[in-house]
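To keep things clear, I will list the structure first and then write my remarks on it.
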Amino acid sequence: MPAQKTFTLASRGKGCHLVQSEVEREIGDMLRGVQVGILTLFIQHTSAALSLNENFDRDVRTDMDMALDHAVPESLPWRHTDEGPDDSASHTKASLIGPSLTIPITQGHMNLGTWQGIYLCEFRRAKHARRLVATVLP
């Protein structure tokens with residue numbers, strides 16, 4: 001049976017944050033009993049994104065944040081700055097990384113690679129609570 005749940009992640013400031021255990025706590029009941037299926041995670045925001053990346057070495061998260069700052073610097077002559085100097089840079093980074101992940105479900109668990117983890121990529125300096133929609137299709 002398909003299932004869907006909207007939940008809020010804890011507030012975090014700018015950076016790439018490993019949120020897999022938080023997501024697993026929220027959706028564990030939805031995955032239980034699904035032998036083969038698909039999980040879609042979607043973030044309901046335009047200044048943060050979701051990514052799969054290396055989950056062991058914390059330096060990967062720091063490096064990813066640094067690389068995105070280099071690729072999309074706040075110092076560009078942005079026109080849309082209604083919510084501060086990180087406004088348009090945040091929207092651009094969110095578009096580059098993307099709002100959703102598709103993860104296979106196998107025997108009631110996310111079927112991720114050994115070193116893959118779910119990241120919340122928060123692009124705003126101020127802390128924000130972010131809403132995710134999880135959809136399970138068996």
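Table for the structure above
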{"quantity": "Complete set of residues in the range 1-20 that are open to solvent by 70 Å² or more (accessible area, probe 1.4 Å) and either modelled with pLDDT under 95 or not in a strand (DSSP E or B) (or both)", "calculated": "1, 2"}
{"quantity": "All positions within the range 71-93 that are outside any helix (DSSP H, G or I), out of contact with any Lys or Arg (no Cβ under 9 Å at 6 or more places or on another chain) and either under 18 Å from residue 118 (Cα atoms) or among the aliphatic types (A, V, I, L, M) (or both)", "calculated": "76"}
{"quantity": "Residue check, residue 122 surrounded by 12 or more Cβ atoms within 10 Å (Cβ to Cβ), modelled with pLDDT under 95 and either more than 28 Å from residue 36 (Cα to Cα) or not hydrophobic (A, V, I, L, M, F, W, C) (or both)", "calculated": "no"}
{"quantity": "Positions within the range 21-53 being in contact (Cβ under 8 Å) with a residue 60 or more places away in the chain and exposed (fewer than 13 other Cβ atoms within 10 Å of the Cβ), in sequence order", "calculated": "32, 33, 35, 36, 44"}
{"quantity": "Residue count, the range 47-65 (criterion: under 25 Å from residue 137 (Cβ atoms) and assigned to a loop (DSSP other than H, G, I, E, B))", "calculated": "1"}
{"quantity": "Sole residue being in contact with a helix residue (DSSP H, G or I) (Cβ under 7 Å, 6 or more places away or on another chain) and in a helix (DSSP H, G or I), chosen from 68, 96", "calculated": "68"}
{"quantity": "Among the residues listed as 130, 124, the single one being part of a loop (DSSP other than H, G, I, E, B) and within 25 Å of residue 8 (Cβ to Cβ)", "calculated": "124"}
{"quantity": "Filter result (in contact (Cβ under 8 Å) with a residue 60 or more places away in the chain and open to solvent by 30 Å² or more (accessible area, probe 1.4 Å)) within the range 94-109", "calculated": "100, 102, 104, 106, 107, 109"}
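Conditions tested, residue by residue: (1) of a type outside the set (Val, Ile, Thr); (2) touching a Gly at 6+ places or on another chain (Cβ under 6 Å); (3) open to solvent by 70 Å² or more (accessible area, probe 1.4 Å).
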residue: 55; (1), (2), (3): yes, yes, no
residue: 58; (1), (2), (3): yes, no, yes
residue: 68; (1), (2), (3): yes, no, no
residue: 79; (1), (2), (3): yes, no, yes
residue: 86; (1), (2), (3): yes, no, no
residue: 91; (1), (2), (3): yes, no, no
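The values are calculated or read from the model by the stated rules, or taken from the named source; none is laboratory data. Owing to the predicted nature of the structure, the values given are computational and were not obtained by experimental measurement. So basically every Cβ, Gly included, is an ideal-geometry build from the backbone, and we count neighbours across all protein chains shown. In case anyone asks, the SASA skips ligands and DNA or RNA and just uses the protein heavy atoms, side chains included. Shrake-Rupley method; radii C 1.70, N 1.55, O 1.52, S 1.80 Å.
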